[in-house]
Structures are given as C-alpha cells and as structure tokens.
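The values are calculated or read from the model by the stated rules, or taken from the named source; none is laboratory data. Note that this is a predicted model, so its numbers are computed, not measured. Cβ atoms come from the backbone with ideal geometry, glycine included; neighbour counts cover every protein chain shown.
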Amino acid sequence: MIGITGGIATGKSTVLAIFAELGAVTVSADDIARKVLARNTPAYEEVVERFGEGVLTPDHDIDRAALASIIFANPDARQILNDITHPHIIAEIRREIEQFRKYPPSPDAILCVEIPLLIECGLEKIVDEVLLVAAEHGTQVSRLTSRSGISSEEALRRIDAQMPLDRKIERADRVIWNNGSRDSLRSSVQAVWDEIRLL
C-alpha cells in the first residue's frame, strides 16, 4: 500500500492515474472529499452553517473554488474546514484500506492512495510507503495560474500555506520530481512501479 502525497499542483492525481494504468488499485482522497461534501451530508450542512451560502453554486452544491479562496486566505478558516471534513475523509480512507487488506483482488495487488495531507495528518502508518510528488515553486505557480485562473500572488499564497517541501521530503520513503512532461513523469512512475513489484 503506497500513500501518494505532495504539495498543491505537483501532479499527485496524474501520478495516481499512471499507477492505475500500470495496474494498481487506486483511491483518491479528493474523490472521497467530494462525496463527503455532497449535498445534504453532515459535512455539507456544517460547512454551509460555518461559511454561509456564499460557498454554494447556483445549484446549491459546494463551490470548491469559492471555498478555496476563503481558506487559503485565512488559516483559521482552513482549520475549521479541516476539522469538519477530515474525520469523515480519514474514516473512509481507513475503510477502503481495510477492505483492500481483507479482500485484495490478487495476492500481488498494489493499492495506491492519494492523500494530499497524508504527512500533515500523521497518516504515514496507515500505508506501507509514502511517495512524495514534488515540483519546483515556479512549476507549481505556473500550473496553478493556468488551471485555476488565479494570480501568481494567490498561487504563491496557496503554496506557502502548506507544509514546506523540505519537511515533507524528510518524512517520505520515495520522492518523484515532476517538473517536466507527462512522458517524463510516466518514466519516473514506471521506475517506482518496477521497484515495488520486486519487493
């Protein structure tokens, strides 16, 4: 069981997708978070109560972009959101891992779980290895401004709101640097996959 983590816009989801292409069973904490915040769930109700209806789309779903703009500008708001959502997300991740442990699809199956805040939440022990996806600051800023339409200043604020990269590297078992093309990233993931398969 491999825990995939990393900073914002480093390519965690792409790495997870490549592992899936290679044959891994995959779980995404972001996908779980969307379910946790689905309309009429307990977390949804609490988020609306704490942050107001300004974080809703016209269809009354959680507007993730609006919520992100609030929490990355305010550490207290970020902690409030984490306190609401993390228990639900972590419980579901643990359930998925336990299900894999009990009923693996094959004896040599590999589970890859993408958890952006794996290290921050102290979840290293629930996986066998921690794989950190890293990128240079400039690469993260470029990706964030391109995909989210935010300013460079806002991108830097979001990056700097997270745990420093060097501290994450210290606690990771493996590190993949993702500053280039998808083909280059795929080669790096393939190398890790081949090593894991030999364990």
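Within the range 16-34, restricting attention to residues that are within 26 Å of residue 81 (Cα to Cα) and aliphatic (A, V, I, L, M), which residue is surrounded by the fewest Cβ atoms within 10 Å (Cβ to Cβ)?
Start the filter on the range 16-34 by keeping residues that are within 26 Å of residue 81 (Cα to Cα), which leaves 16, 26-34.
Next, only the ones that are aliphatic (A, V, I, L, M) stay: 16, 27, 29, 32-33.
Working: 16: 25, 27: 23, 29: 27, 32: 22, 33: 19.
Out of the qualifying residues, it is 33.
Pull out all pairs, ordered by first then second residue, where Cβ-Cβ is under 7 Å, the residues are six or more apart or on different chains, the first lies in the range 43-59 and is of a type in the set (A, V, I, L, M, F, W, C), and the second is assigned to a loop (DSSP other than H, G, I, E, B) and surrounded by 12 or more Cβ atoms within 10 Å (Cβ to Cβ).
Pairs that qualify, where the first residue is of a type in the set (A, V, I, L, M, F, W, C) and the partner is assigned to a loop (DSSP other than H, G, I, E, B) and surrounded by 12 or more Cβ atoms within 10 Å (Cβ to Cβ), are 43/37; 47/37; 55/63; 56/63.
Of the residues in the range 1-59, how many are assigned to a helix (DSSP H, G or I) and β-branched (Val, Ile, Thr)?
Going through the range 1-59, the residues assigned to a helix (DSSP H, G or I) turn out to be 12-22, 29-36, 42-51, 53-55.
Checking the rest, the ones that are also β-branched (Val, Ile, Thr) come to 14-15, 18, 32, 36, 47-48, 55.
Matching residues across the range 1-59 total 8.
Hey, can you tell me all the residues within the range 145-170 that are farther than 15 Å from residue 66 by Cα, of a type outside the set (Gly, Ala, Ser), surrounded by 13 or more Cβ atoms within 10 Å (Cβ to Cβ) and touching a residue at least 24 places away in the same chain (Cβ under 8 Å)?
157, 159, 162, 163, 165, 168 - these are the residues of the range 145-170 that are farther than 15 Å from residue 66 by Cα, of a type outside the set (Gly, Ala, Ser), surrounded by 13 or more Cβ atoms within 10 Å (Cβ to Cβ) and touching a residue at least 24 places away in the same chain (Cβ under 8 Å).
Kindly provide the set of residues from the range 60-85 that are in a helix (DSSP H, G or I) and farther than 21 Å from residue 115 by Cβ, ordered by number. Please lay out each step first, then the result.
Of the residues in the range 60-85, the ones in a helix (DSSP H, G or I) are 64-71, 75-85.
Within the range 60-85, 65, 66, 69, 70, 76, 77 meet the criteria.
So which residues in the range 171-196 are in contact (Cβ under 8 Å) with a residue 40 or more places away in the chain and of a type in the set (D, E, K, R), if there are any at all? Walk me through it before giving the result.
Applying the first criterion (in contact (Cβ under 8 Å) with a residue 40 or more places away in the chain) to the range 171-196 yields 171-179, 182, 185-186, 189-190, 192-193, 196.
Answer for the range 171-196, where residues must be in contact (Cβ under 8 Å) with a residue 40 or more places away in the chain and of a type in the set (D, E, K, R): 171, 173, 174, 182, 186.
Give 55, 48 a once-over and let me know the one that is over 25 Å from residue 122 (Cα atoms), touching an Asp or Glu at 6+ places or on another chain (Cβ under 7 Å) and surrounded by 15 or more Cβ atoms within 10 Å (Cβ to Cβ).
Numbers: 48 fails: touching an Asp or Glu at 6+ places or on another chain (Cβ under 7 Å).
Exactly one of 55, 48 is over 25 Å from residue 122 (Cα atoms), touching an Asp or Glu at 6+ places or on another chain (Cβ under 7 Å) and surrounded by 15 or more Cβ atoms within 10 Å (Cβ to Cβ), namely 55.
Regarding the range 58-80, can at least one residue be identified that is out of contact with any Asp or Glu (no Cβ under 7 Å at 6 or more places or on another chain), over 26 Å from residue 172 (Cβ atoms), among the hydroxyl-bearing types (Ser, Thr, Tyr) and at pLDDT 95 or above?
Residues of the range 58-80 out of contact with any Asp or Glu (no Cβ under 7 Å at 6 or more places or on another chain): 58-80.
Then drop every residue that is not over 26 Å from residue 172 (Cβ atoms), which leaves 58-67, 69-70, 73-74, 76-77, 80.
Next cut, among the hydroxyl-bearing types (Ser, Thr, Tyr) only: 69.
With at pLDDT 95 or above added as a condition, the list becomes none.
Within the range 58-80 (the criterion being out of contact with any Asp or Glu (no Cβ under 7 Å at 6 or more places or on another chain), over 26 Å from residue 172 (Cβ atoms), among the hydroxyl-bearing types (Ser, Thr, Tyr) and at pLDDT 95 or above), the answer is no, since none of the residues qualifies.
Can you tell me how many residues in the range 110-122 are surrounded by fewer than 24 Cβ atoms within 10 Å (Cβ to Cβ) and within 22 Å of residue 158 (Cα to Cα)? Lay out the reasoning, then the answer.
Of all residues in the range 110-122, those surrounded by fewer than 24 Cβ atoms within 10 Å (Cβ to Cβ) come to 110-111, 116-117, 119-122.
So of that shortlist, the ones also within 22 Å of residue 158 (Cα to Cα) come out as 116-117, 119-122.
Number satisfying all stated conditions: 6.
Starting from the range 60-75, keep only residues that are under 19 Å from residue 41 (Cβ atoms), then list their pairs with residues that are among the charged types (D, E, K, R) and not in a loop (DSSP other than H, G, I, E, B) whose Cβ atoms are within a distance under 6 Å, requiring at least 6 positions of separation or different chains.
Listed pairs, sorted by first residue: 71/78.
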